[in-house]
Amino acid sequence: MSLRISLAAVFAVVMGTTSANAAEVMPMIGGAQVGMMGAPMKHLDISFDGAALHVHVDDAVAIPVLRPLIEPDTFSATEPWAVLQDKAYNFQYGWNAGGFITLPEGANIWVENLETSPGLEVYSRPPSVPSWTPIFGTSESSPRWSWSGTMTHNAYAVLDPFESEYTAQYRVYLGDAAGNPLEQYSSDTVTLAFAANPILLGDFNRDGELTTTDIDMLSHVLVMSTGGNQYDVNRDGIVDLDDHAHWVHELKHTWLGDANLDGEFNTADFVSAFSLGGYEQDTYAGWADGDWNGDERFGTSDLIAAFQDGGYENG
């Protein structure tokens, strides 16, 4: 029972459900609580010469960095920007008029998502109405967004960045009120780049290591059918036993049965697991206790899974 309570406590802390001293803050342009002094606006200046649209990126400003809040900071769950909770985010890029723009009658400026790095989300911000809603394909929204002509800084966010760079490529074009392109006018393309501090994939408690705590947290998520995208370690869009196998084989580079996670499955692992007395008992078991198939119990099925994995005395 104590093991289950301990794991639940760790899980709650990582998921952010036990922070009694959380400080509610508002999102800042540079992510985390970095304001304009540390993260100035990076304009995407749009111009129209009568025949074609052009986009100029302000290269004088460094590549924006996606930053998560630092505990105990948090966003209020009742505010619309709560969509950024637990995500690294930034809204330095701003669509801006690069001079006076006169559009043909019935024409609107549209921005269409061509390609976005997996995991990168986009949300509208004021003056867009409604604001803090998914755009550019996020949450199955339209890939097209109508720019009002007013400077607009949309928010970009990623949950648990696993890459050091994220990009979003757009086509800026003239279209009618429904977004249908006016083919007689030329469009332009632009790529937005973001930097990020990648986390260690599979390190669910964020201690910088892959340990039994992490695989136990994954097993708990599988048993309870809970948890978010951070547990989808093989990045196939589903959290299932394939992620358990991927964590063991591809992230930790070991075998089912390696109770002490030293990279080898041998007699020492059996001795360690059986010495705890949980075999075929209806009590909680973690990885070190012999739960090698992710069901939070230690039984015959774990032994079968371990031997079928082929790592016994195999180095």
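For the reader, a short list of remarks on this structure follows.
- Test: V248 is within 15 Å of W287 (Cα to Cα) and in contact with a Gly (Cβ under 7 Å, 6 or more places away or on another chain): no
- Of residues in region 101-132 being among the polar types (S, T, N, Q) and within 30 Å of the chain's Cα centre (by Cα), the one farthest from G175 (Cα to Cα): S117
One line per residue, one yes/no per condition, for (1) at positive phi; (2) in contact (Cβ under 8 Å) with a residue 40 or more places away in the chain; (3) part of a loop (DSSP other than H, G, I, E, B):
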residue: Q33; (1), (2), (3): no, yes, yes
residue: M36; (1), (2), (3): no, no, yes
residue: P40; (1), (2), (3): no, yes, yes
residue: D45; (1), (2), (3): no, yes, no
residue: L53; (1), (2), (3): no, yes, no
residue: E71; (1), (2), (3): no, yes, yes
residue: T78; (1), (2), (3): no, no, yes
residue: A88; (1), (2), (3): no, yes, no
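- Within region 269-311, the set of residues being assigned to a helix (DSSP H, G or I) and over 14 Å from D258 (Cβ atoms) comprises F274, T300, S301, I304, Q308.
- Evaluation of T167 against (1) within 17 Å of the chain's Cα centre (by Cα); (2) within 14 Å of E112 (Cβ to Cβ); (3) polar (S, T, N, Q) (one fails), failing number: (2)
- Failed item, numbered, when S225 is tested on (1) more than 17 Å from D258 (Cα to Cα); (2) surrounded by fewer than 21 Cβ atoms within 10 Å (Cβ to Cβ); (3) among the polar types (S, T, N, Q); (4) in contact (Cβ under 8 Å) with a residue 60 or more places away in the chain: (4)
- Breaking point among (1) crowded, with 16+ Cβ neighbours inside 10 Å; (2) under 21 Å from F48 (Cβ atoms); (3) among the charged types (D, E, K, R), for E121: (2)
- Residue within region 40-56 that is among the polar types (S, T, N, Q) and under 21 Å from the mean Cα position of the chain (by Cα) present: no
- Residues (within 15 Å of T213 (Cα to Cα) and charged (D, E, K, R)) located in region 229-261: K252, D258
- Residues in region 248-260 include none that are surrounded by fewer than 18 Cβ atoms within 10 Å (Cβ to Cβ), touching a strand residue (DSSP E or B) at 6+ places or on another chain (Cβ under 9 Å) and modelled with pLDDT of 95 or more.
- Qualifying residue in region 5-25 (condition: at pLDDT 95 or above, outside the structural domain of G286 (by TED's automatic domain parsing), out of contact with any Leu (no Cβ under 8 Å at 6 or more places or on another chain) and crowded, with 16+ Cβ neighbours inside 10 Å): no
- Considering the conditions (1) touching a residue at least 40 places away in the same chain (Cβ under 8 Å); (2) in contact with a strand residue (DSSP E or B) (Cβ under 8 Å, 6 or more places away or on another chain); (3) among the polar types (S, T, N, Q), T211 is excluded by exactly one of them, (2).
- Looking at T150, T138, just one residue is loosely packed, with under 15 Cβ neighbours inside 10 Å, of a type in the set (S, T, Y) and out of contact with any Leu (no Cβ under 7 Å at 6 or more places or on another chain), and that residue is T150.
- Candidate set: region 182-206, residues that are free of Cβ contacts under 8 Å to residues at least 40 places away in the same chain and out of contact with any helix residue (DSSP H, G or I) (no Cβ under 8 Å at 6 or more places or on another chain); chosen: the one nearest to E71 (Cα to Cα): I199
- Tabulated pairs, region 99-118, first over 11 Å from G149 (Cβ atoms) and touching a residue at least 24 places away in the same chain (Cβ under 8 Å), second among the β-branched types (V, I, T) and part of a strand (DSSP E or B), C-beta under 6 angstrom, 6+ apart or interchain: V111/V172; S117/T167
- Pairs meeting the criteria (first residue in region 278-298 and touching a residue at least 24 places away in the same chain (Cβ under 8 Å) and on the phi < 0 side of the Ramachandran plot, second residue surrounded by fewer than 20 Cβ atoms within 10 Å (Cβ to Cβ) and not in a helix (DSSP H, G or I), beta carbons under 6 Å, at least 6 apart or on different chains) are D289/L276; F298/Y279.
- Odd one out for H246 among (1) more than 30 Å from A62 (Cβ to Cβ); (2) assigned to a loop (DSSP other than H, G, I, E, B): (2)
The values are calculated or read from the model by the stated rules, or taken from the named source; none is laboratory data. Computed from a prediction, not measured in an experiment: that's the story for all the values here. FYI the Cβ positions are ideal-geometry reconstructions off the backbone, even for glycines, and counts take in every protein chain you see.
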